[in-house]
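Below is one structure; the comments refer to it alone.
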Amino acid sequence: MRVHSGRRNLALVLWFVAFGVTSAATTSAADQWDALQLQGREIVPGTRSKFPFIPDRSFEASYLNMPVFVARGENPGPTLCLTAGIHGDELNGVEIARRLFAKIDPQELRGTLIALPSINAEGVRTGNRYLSDRRDLNRAFPGRSGGSVASIIAHAVFTIVQSHCDALVDLHTASNQRANLPQIRADLSDPVIRDLAINFGIGIVVAGSGPDGSLRRESAKAGIPAIIYEAGEPFRFQEDEIERGVQGVENVMAYLGMTERVNQETSDARIYEGSRWIRATFGHGGFFFPTAKLGDTVETGDSLGHIVDPLTDASIEVISPIAGVIIGMAVPQPVLSGYALFNVAWHETD
Ligand SMILES: [Zn+2]
């Protein structure tokens, strides 16, 4: 059985007690509210700052030259961390973090927002999902101070997360040639994480603790409640997915007592136990033409599209083996056997 809580979950709960509903500026915690020290900088209460992760501009250190955005609230409260661009081609999250931060008024903020909006900074500039050493950064956490570039960056980021974050939202999109319905993914067996996921307020929540070495999974293991917002496609900015993400983070901040709740619609959570990829079956590669769309509810046996073999003109229907909702899918393209076509979230629960 997984052991819950850890230090951060407890810290978050204590912040709720002290600051969650009413301002408690006269408590002892408030007396200790002071400048935040981060990466050699000092961010005093009521101010915000953007600065490079490290001032070292050498060839060797350039891969750590990611931007850091910090807003230190005038009043005490929890620290929410936002991470994006771990996969350099996933741009929606990069813009969500920028747009959200631009809206923050540190004079009105309770607590601290730390955003690392472009963690694979080189990948964001060049449209590269992976690092310059061709590794997937989101399998390298918690990392270590030596070793590959991936493990060095992971370690640098994870050190900030462990030292400062009471909760974490990691922003992603689908991978190459695929699209995701806006959704939250989270380890719902942890009640603190579950509440964060539901209070993001955008509807679909899919259970799962994430792969080994992902920032979300390793943060949760270290006792820092973490969720992922997944929305849209890589390589582009998508207005609806970005705006929904900004709203979701604002909802989380209000839930944590960092801001007043603004008047905006939140969707009731639709919680799914898991998801499963439907793939092109063996020997049936060809040109993929979907008919089902993101967000469609499907039943077992439904046709979701077809794959045409361009040499024989044989057409194979893609049949859903399960009932659920389509939360991710491939765009129309040539596909080979085993290629992941549709991601179906299954078993909606209460
Ligand atoms: Zn990603």
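The values are calculated or read from the model by the stated rules, or taken from the named source; none is laboratory data. Remember, it's a predicted structure, so these values are computed and weren't measured experimentally. Cβ placement follows ideal geometry from the backbone for every residue including glycine, while neighbour counts extend to all protein chains displayed. Just so you know, the surface numbers come from the protein's heavy atoms only, side chains and all, with ligands and any DNA or RNA stripped out. Shrake-Rupley method; radii C 1.70, N 1.55, O 1.52, S 1.80 Å.
Scanning segment 128-173 for residues that are open to solvent by less than 40 Å² (accessible area, probe 1.4 Å), within 14 Å of the ligand (Cβ to nearest atom), over 23 Å from Thr79 (Cβ atoms) and not hydrophobic (A, V, I, L, M, F, W, C) returns Asp136, Thr173. All of Glu122, Glu108 fail the test of being closer than 28 Å to Ala35 by Cβ, touching a residue at least 40 places away in the same chain (Cβ under 8 Å) and open to solvent by 30 Å² or more (accessible area, probe 1.4 Å), apart from Glu108. Looking only at residues in segment 227-244 that are of a type in the set (A, V, I, L, M, F, W, C) and away from the ligand (no atom under 14 Å from the Cβ), the one that is surrounded by the fewest Cβ atoms within 10 Å (Cβ to Cβ) is Phe237.
For segment 89-123, a tally of residues being in a helix (DSSP H, G or I) and within 18 Å of Ala179 (Cα to Cα) returns 6.
In this structure, is Leu91 open to solvent by 10 Å² or more (accessible area, probe 1.4 Å) and within 16 Å of the ligand (Cβ to nearest atom)? The answer is yes for Leu91. Any residue that is open to solvent by less than 10 Å² (accessible area, probe 1.4 Å), within 14 Å of the ligand (Cβ to nearest atom) and touching a strand residue (DSSP E or B) at 6+ places or on another chain (Cβ under 6 Å) - is there at least one of those in segment 210-217? Within segment 210-217, one or more residues are open to solvent by less than 10 Å² (accessible area, probe 1.4 Å), within 14 Å of the ligand (Cβ to nearest atom) and touching a strand residue (DSSP E or B) at 6+ places or on another chain (Cβ under 6 Å). Quick check: anything in segment 103-114 within 17 Å of the chain's Cα centre (by Cα) and within 14 Å of the ligand (Cβ to nearest atom)? No, there is no match, as no residue in segment 103-114 is within 17 Å of the chain's Cα centre (by Cα) and within 14 Å of the ligand (Cβ to nearest atom). Screening Ala186, Ala197 for residues that are under 20 Å from Glu90 (Cβ atoms), open to solvent by less than 10 Å² (accessible area, probe 1.4 Å), in contact (Cβ under 8 Å) with a residue 24 or more places away in the chain and within 16 Å of the ligand (Cβ to nearest atom) leaves exactly one candidate, Ala186. Of the residues examined, Ser275 is not one that is among the hydroxyl-bearing types (Ser, Thr, Tyr), within 28 Å of the chain's Cα centre (by Cα), under 22 Å from Glu230 (Cβ atoms) and open to solvent by less than 40 Å² (accessible area, probe 1.4 Å).
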